[in-house]
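Note sheet for the following structure.
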Amino acid sequence: MAAGGPPAPPPTDGEPPPSPPRPLTASELVAARLGRDPAAERRRQEAAAAIRDAALAKERTRDRTLAVIGPAIGAALYFLVAANPVSPLTILHQLDASSPTPEAVAASNRPTVMEFYADWCAACRDGAAGLSLLEARYAPDVNFVLVDAANEANAALVDKWGVDGIPRLVLLDRRGAVLTNFIGGVPKEILAEDIDAMLSGKPLPNLGLDMSSIMGGGDDDY
């Protein structure tokens, strides 16, 4: 008898030769060395692979779904925001609520844009979005202060600044000195030019400019 046992019998007619045993995987070899059943380890691997494949298939399905409905959701959100914009009064009230105190303005060593407004003022509402854009652009280098002139709590400030028209826009330098003031709406482009000049220490380019000739209307008497 040859070493290693008798030779395998030749296959009978119609029967394929037996398949060679599948080599053990690395994890199966480790399991065998640890005294565990390699077949059980193989079944564990197959079960884990099935779970992984199912998770990948679910993720691919989700990605395809998002690819289809994502643009639709984005468009819906865009039109929702466009159909429900933030109201000008909300913008004015937010700017008012976030305004620094007079003490903070005095100690800041920054130029200041101060506007006296009122809820009933059409020009104030028209300029709210532009003023908010400028505040976002120039903060924190410039103080933006909004004062509700119709609020009795601000009566002393209204008297101090001699507010007799709404909106009343006052530009102050870093020391708190008045550089100019406007009564009526001011286009944000013109206000931006003056803010740039204040920051660079240059003369205001729009000093004495007649806003009524630009805006095409008068101011709201206070």
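The values are calculated or read from the model by the stated rules, or taken from the named source; none is laboratory data. Worth saying up front: this structure is predicted, and the values here are computed from it rather than measured. Using ideal geometry, Cβ is built from the backbone for each residue, glycine included, and neighbour counts are taken over all protein chains shown.
When you scan the stretch 89-104, how many residues do you find that are surrounded by fewer than 19 Cβ atoms within 10 Å (Cβ to Cβ), under 23 Å from the mean Cα position of the chain (by Cα) and not in a loop (DSSP other than H, G, I, E, B)? The number of residues fulfilling the criteria is 7. On inspection, ASP196 does not qualify as of a type outside the set (A, V, I, L, M, F, W, C), touching a residue at least 40 places away in the same chain (Cβ under 8 Å) and within 23 Å of ALA106 (Cα to Cα).
If I ask for residues that are part of a helix (DSSP H, G or I) and touching a residue at least 12 places away in the same chain (Cβ under 8 Å), which ones from the stretch 105-121 would you list?
Of everything in the stretch 105-121, those that are part of a helix (DSSP H, G or I) and touching a residue at least 12 places away in the same chain (Cβ under 8 Å) turn out to be VAL105, ALA106, SER108.
Taking the stretch 148-166 as the range and being more than 19 Å from PRO111 (Cα to Cα) and either outside the structural domain of ASP126 (by TED's automatic domain parsing) or surrounded by 14 or more Cβ atoms within 10 Å (Cβ to Cβ) (or both) as the test, the residues that pass are ASP148, ALA149, ALA150, ASN154, VAL158, VAL163, GLY165, ILE166.
Is it the case that the stretch 65-77 has a residue that's under 30 Å from ALA129 (Cβ atoms) and modelled with pLDDT of 70 or more? Within the stretch 65-77 (the criterion being under 30 Å from ALA129 (Cβ atoms) and modelled with pLDDT of 70 or more), the answer is yes, since at least one residue qualifies.
Filtered by the rule that a residue be closer than 18 Å to PRO88 by Cα, within 31 Å of the chain's Cα centre (by Cα) and surrounded by 15 or more Cβ atoms within 10 Å (Cβ to Cβ), the stretch 167-193 gives PRO167, LEU169, GLY185, VAL186, LYS188. GLY130 fulfils the conditions (1) outside any strand (DSSP E or B); (2) surrounded by 12 or more Cβ atoms within 10 Å (Cβ to Cβ); (3) without any contact (Cβ under 8 Å) to a residue 60 or more places away in the chain except for a single criterion, (3). Filtering the stretch 171-204 to residues that are among the aliphatic types (A, V, I, L, M) and either at pLDDT below 90 or under 15 Å from TRP161 (Cα atoms) (or both) leaves LEU171, LEU172, ALA177, VAL178, LEU179, ILE183.
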